[in-house]
Amino acid sequence: EPEVTQTPSHQVTQMGQEVILRCVPISNHLYFYWYRQILGQKVEFLVSFYNNEISEKSEIFDDQFSVERPDGSNFTLKIRSTKLEDSAMYFCASSDLGFTEAFFGQGTRLTVV
Amino acid sequence: AQTVTQSQPEMSVQEAETVTLSCTYDTSESNYYLFWYKQPPSRQMILVIRQEAYKQQNATENRFSVNFQKAAKSFSLKISDSQLGDTAMYFCAFMKLAQGGSEKLVFGKGTKLTVNP
């Protein structure tokens, strides 16, 4: 069964450092998303991406965040200068044109120290 | 803006019994989807069940069924014959339908379900 793959599963970084979280969506999907879940809290939408551009972003997705689909298969989330409050689980998801469900990756746990 | 409310932070049930998780939502949209996602300790997000708002019939998936009350904006999940593997966090989610595109999911805060042996 096709799946969304995220790497790394856990990343520890120092405050102020840049991090890149990587995702390989399901190959025939066209819509890509990043969500965030701070420990013990609900899952929050960050950004959606379609046709090589951002289609929607939340208030959380400020200038420190960016997304890219560099090579037609990977979908990345970059945080330029990490803050302690960026510590969270980050989920990538993808869906197809007819959207019947969003398929989620297993998540990347980001810890900022 | 849409909101999703799960009023039960935690619930527990005995193995083999039935449990119902509550969810209400607020929207002015008429076309939308509702979902229940399961998040086990591994923290993977797994789709449990989906309901299209235009369908009056309640969705079922094996031991999982929903009670969708559109007028009341209520979408509860019933788990029958609970199993230990059902122990997880359960999130209710809303997605409005958009022409020509896909929309984001709006999640509730979750209900932590524990199935006791």
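The values are calculated or read from the model by the stated rules, or taken from the named source; none is laboratory data. All values reported here derive from a predicted model rather than from experimental measurement. Neighbour counts are summed over all protein chains in view; Cβ atoms, including those assigned to glycine, are modelled from backbone coordinates with ideal geometry. Quick note on the areas: whole protein, heavy atoms, side chains included, nothing else; ligands and nucleic acids left out. Shrake-Rupley method; radii C 1.70, N 1.55, O 1.52, S 1.80 Å.
Here is how the numbers come out for the structure above:
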item	result
Filter pass, residue B:84 being open to solvent by 50 Å² or more (accessible area, probe 1.4 Å) and either touching a helix residue (DSSP H, G or I) at 6+ places or on another chain (Cβ under 9 Å) or among the hydrophobic types (A, V, I, L, M, F, W, C) (or both)	yes
Residue match in the range A:6-18 (condition: more than 30 Å from residue B:5 (Cα to Cα) and in contact with a helix residue (DSSP H, G or I) (Cβ under 8 Å, 6 or more places away or on another chain))	yes
Options A:6, A:17, A:11: the member that is of a type in the set (S, T, N, Q), open to solvent by 40 Å² or more (accessible area, probe 1.4 Å), modelled with pLDDT of 95 or more and in contact with a strand residue (DSSP E or B) (Cβ under 7 Å, 6 or more places away or on another chain)	A:11
Test set (1) more than 13 Å from the chain's Cα centre (by Cα); (2) within 14 Å of chain B (Cβ to nearest Cβ) - residue A:54 fails condition number	(1)
Residue that is farthest from the chain's Cα centre (by Cα), among those in the range A:57-103 that are of a type in the set (Phe, Trp, Tyr) and more than 12 Å from chain B (Cβ to nearest Cβ)	A:65
Evaluation of residue A:3 against (1) under 9 Å from the mean Cα position of the chain (by Cα); (2) more than 9 Å from chain B (Cβ to nearest Cβ) (one fails), failing number	(1)
Residue list for the range A:62-100, restricted to those being open to solvent by less than 40 Å² (accessible area, probe 1.4 Å) and without any contact (Cβ under 8 Å) to a residue 24 or more places away in the chain	A:65, A:66
Hits in the range B:1-11 - residues which are part of a strand (DSSP E or B) and open to solvent by 80 Å² or more (accessible area, probe 1.4 Å)	B:10
Within the range B:22-117, strands (runs of 3 or more DSSP E) holding 1 or more residues that are within 11 Å of chain A (Cβ to nearest Cβ)	B:32-39, B:46-52, B:88-96, B:111-116
Some residue of the range A:29-47 being open to solvent by less than 60 Å² (accessible area, probe 1.4 Å) and more than 12 Å from chain B (Cβ to nearest Cβ)	no
Residue match in the range B:65-75 (condition: open to solvent by 40 Å² or more (accessible area, probe 1.4 Å) and among the hydrophobic types (A, V, I, L, M, F, W, C))	yes
Which numbered condition residue A:106 fails, given (1) in contact (Cβ under 8 Å) with a residue 60 or more places away in the chain; (2) within 12 Å of another protein chain (Cβ to nearest Cβ); (3) open to solvent by 70 Å² or more (accessible area, probe 1.4 Å)	(3)
